[in-house]
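The values are calculated or read from the model by the stated rules, or taken from the named source; none is laboratory data. Just so we're clear, the structure is a prediction, and the values are computed from it rather than from any experiment. Every residue, glycine as well, gets a Cβ built from its backbone with ideal geometry; the counts of neighbours run over all protein chains shown. The accessibility values were calculated without ligands, DNA or RNA, using every heavy atom of the protein model including side chains. Shrake-Rupley method; radii C 1.70, N 1.55, O 1.52, S 1.80 Å.
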Amino acid sequence: MENTVKDPQKLPGWGIDANPENDPTYPMRERMNVSQDPDSKHRPDALQPVDIELLKTIERPNVSAVFGEAAPPTGLSGMIRRFAFNYSESHYGHWLPLLLADRVNVVEGVLEDLAHGHVPNIFAEKGYKVEWEHNRTAFVTKMATIALVTTGAILLLTRDKDKDYKRKKNSYKLR
Amino acid sequence: MLAMDYRGPKRVRATQKPMPEIKHPQDAIVRVTRSCICGSDLHLYNGNVPDTRVGSTFGHEFCGIVEEVGPEVTKVKVGDHVIVPFNVACGECHFCKQGMFGNCHESNTQSSAVGGIFGYSHTAGGYNGGQAEYARVPYANVGPTVIPEGMDPDDAVLLTDVVPTGYQAAEMAGIQPGDTVVVFGAGPVGIMAARCCWLFGAGRVIIIDKEDYRLEFARNYANCEAYNFEKDMDDPVVFVKKTTDFMGADCVIDAVGAEAAGNAMQTITGRKLLLQAGSTTALHWAINSVKKGGVVSIVGVYGPTDNLVPIGNVLNKGLTIRANQASVKRLLPRLIDHVQNGIIKPKELITHRIPLEEVADGYRMFAAKLDNCIKPLIVFPTKI
Ligand SMILES: [Zn+2]
Ligand SMILES: [Zn+2]
């Protein structure tokens, strides 16, 4: 590995955008002075009609002129999100419930799939095919660990108390 | 239409979804021709960005052909092949008027801190993104820019984010001729930032990461020094001090953001427990390794909750910290020139082409850094 650099001045484009007037605040300095904006509250003329449920930050008075409509709030996660939007963006009360809602939303997504008769293909959705192709050893170890832990948990949960008792009795007998 | 569909942390798929519709007179519908998976998509993919809702489509880096326009669209017409900047910007608000298109006030109802970004959670406006056959593009008079004659769409698609973000990182660093610049993170943006530092007259550019294949790539692409913080040094801060005559770097660029490795405490509190806005390891290193009076430029994405940032050192050292989402629209004319003159060669960053149907594999490959992946491009059934 070669770590010495050629003469930087011979690199294509060297210094092409350097500005001797430059200081760390560039390009702010060359921008319009904020106080000189004659109409700082200007809004676009047309506004997107609000025809879906839109959660709105309490830090601005109105709905922005356009907005996305990727996934309006639904179900339990939607209720948690509505609650979160009672708090400002500088408050944990806003962000932590949103993260919780995201996790609830994942379960809702699986239930919704099942309700539509679609069993999600978790193996494909997690992209495990490429993991298998390019990272096989790590992948096999990971899967084996998961299988081991799952088997262990199942054995532990389904352990027959009665059998345990009998086994103990037998061991007493052996002694 | 076929579209990427988020189902939960590390679970995505390609699903049939309804076609997007014109909702505002300045909207356009674009048939996507190229779309990238971005390092910052991984924050969404890992479930670290609040209000990332199941059923949404990611993708803020795309270009495509205009299929339909709203009644007030005059700057682009049906059939134009356009670059779509990742920010949704109105062009007329207080912030857009200052060239801060990345901070538009009329594109996001759900947060006042961040502007609208395609396919980047409801915190960034709830827009569906371009990892789909079609996308709704608001404010089509402002953002979309026709790909100039002769420019390869593979170059064009990287002008939506990677090139302008890397360039703005170097610009915000306030580089003076001859300066030593350290870039943390050798992902596509870090590599591009390192390349652009030379355009501002840097005298020495050092990039630091932990993946050898990315360092090798950066060394070749950006002509810079490249070091592995796990193999070449004990402590990156001490390393930078030593190599700069114990002064510190003149400027440091954080091109890592919330997914930083390298510090267990940060990993647990930031990435696992989500108690702070991701792991801030790179930011700590940046603040602590820059010289007194230096500039720290942040383009790595951090989440919105609290950070354990050494802010006391920022004060004590009299630092200037500049950070922003790139204002793509402001930079496009100059960057298009640089691409056309061969000074920046964006498409050399693309290492993988993934059909939209296999988007889940693409995300896994990029997230797990498999097969020496630097930048994956999603390709579409109808290729142009
Ligand atoms: Zn991006
Ligand atoms: Zn605006």
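B:Gly129 - would you say it is away from ligand 2 (no atom under 16 Å from the Cβ), facing chain A (nearest Cβ under 10 Å), touching a Pro at 6+ places or on another chain (Cβ under 8 Å) and small (Gly, Ala, Ser)?
Answer is no for this residue.
What residue, among those in the stretch A:91-119 that are at the interface with another protein chain (Cβ under 9 Å from one of its Cβ atoms) and over 19 Å from the mean Cα position of the chain (by Cα), is least open to solvent (accessible area, probe 1.4 Å)?
Residue satisfying both the conditions and the ranking: A:Asp113.
Is there a residue in the stretch B:210-228 that is within 16 Å of ligand 1 (Cβ to nearest atom), modelled with pLDDT under 95 and open to solvent by 10 Å² or more (accessible area, probe 1.4 Å)?
no
Would you check which residues across the stretch B:88-116 are within 9 Å of ligand 2 (Cβ to nearest atom), touching a helix residue (DSSP H, G or I) at 6+ places or on another chain (Cβ under 7 Å) and part of a loop (DSSP other than H, G, I, E, B) and list them?
Selection gives B:Ala89, B:Cys90, B:Phe95, B:Cys104, B:Gly115.
Which is modelled with pLDDT under 95, within 13 Å of another protein chain (Cβ to nearest Cβ) and farther than 21 Å from B:Thr165 by Cβ, of B:Lys17, B:Lys97, B:Lys23?
B:Lys97
Please go through the stretch B:330-384 and give me each residue that is of a type outside the set (Val, Ile, Thr), surrounded by 22 or more Cβ atoms within 10 Å (Cβ to Cβ) and more than 11 Å from every other protein chain (Cβ to nearest Cβ), ordered by number.
Those that are of a type outside the set (Val, Ile, Thr), surrounded by 22 or more Cβ atoms within 10 Å (Cβ to Cβ) and more than 11 Å from every other protein chain (Cβ to nearest Cβ): B:Pro346, B:Leu349, B:Lys375.
Give the stretch B:26-45 a look and list any residue that's within 11 Å of another protein chain (Cβ to nearest Cβ) and within 15 Å of ligand 1 (Cβ to nearest atom), or say none.
B:Leu44, B:Tyr45
Just checking, which of B:Gly150, B:Gly178 is more than 15 Å from the chain's Cα centre (by Cα), open to solvent by 10 Å² or more (accessible area, probe 1.4 Å) and either within 11 Å of chain A (Cβ to nearest Cβ) or under 18 Å from A:Leu11 (Cα atoms) (or both)? If you could, list the steps in order and put the result at the bottom.
Values: B:Gly150 fails: either within 11 Å of chain A (Cβ to nearest Cβ) or under 18 Å from A:Leu11 (Cα atoms) (or both).
Of the residues listed, the single one that is more than 15 Å from the chain's Cα centre (by Cα), open to solvent by 10 Å² or more (accessible area, probe 1.4 Å) and either within 11 Å of chain A (Cβ to nearest Cβ) or under 18 Å from A:Leu11 (Cα atoms) (or both) is B:Gly178.
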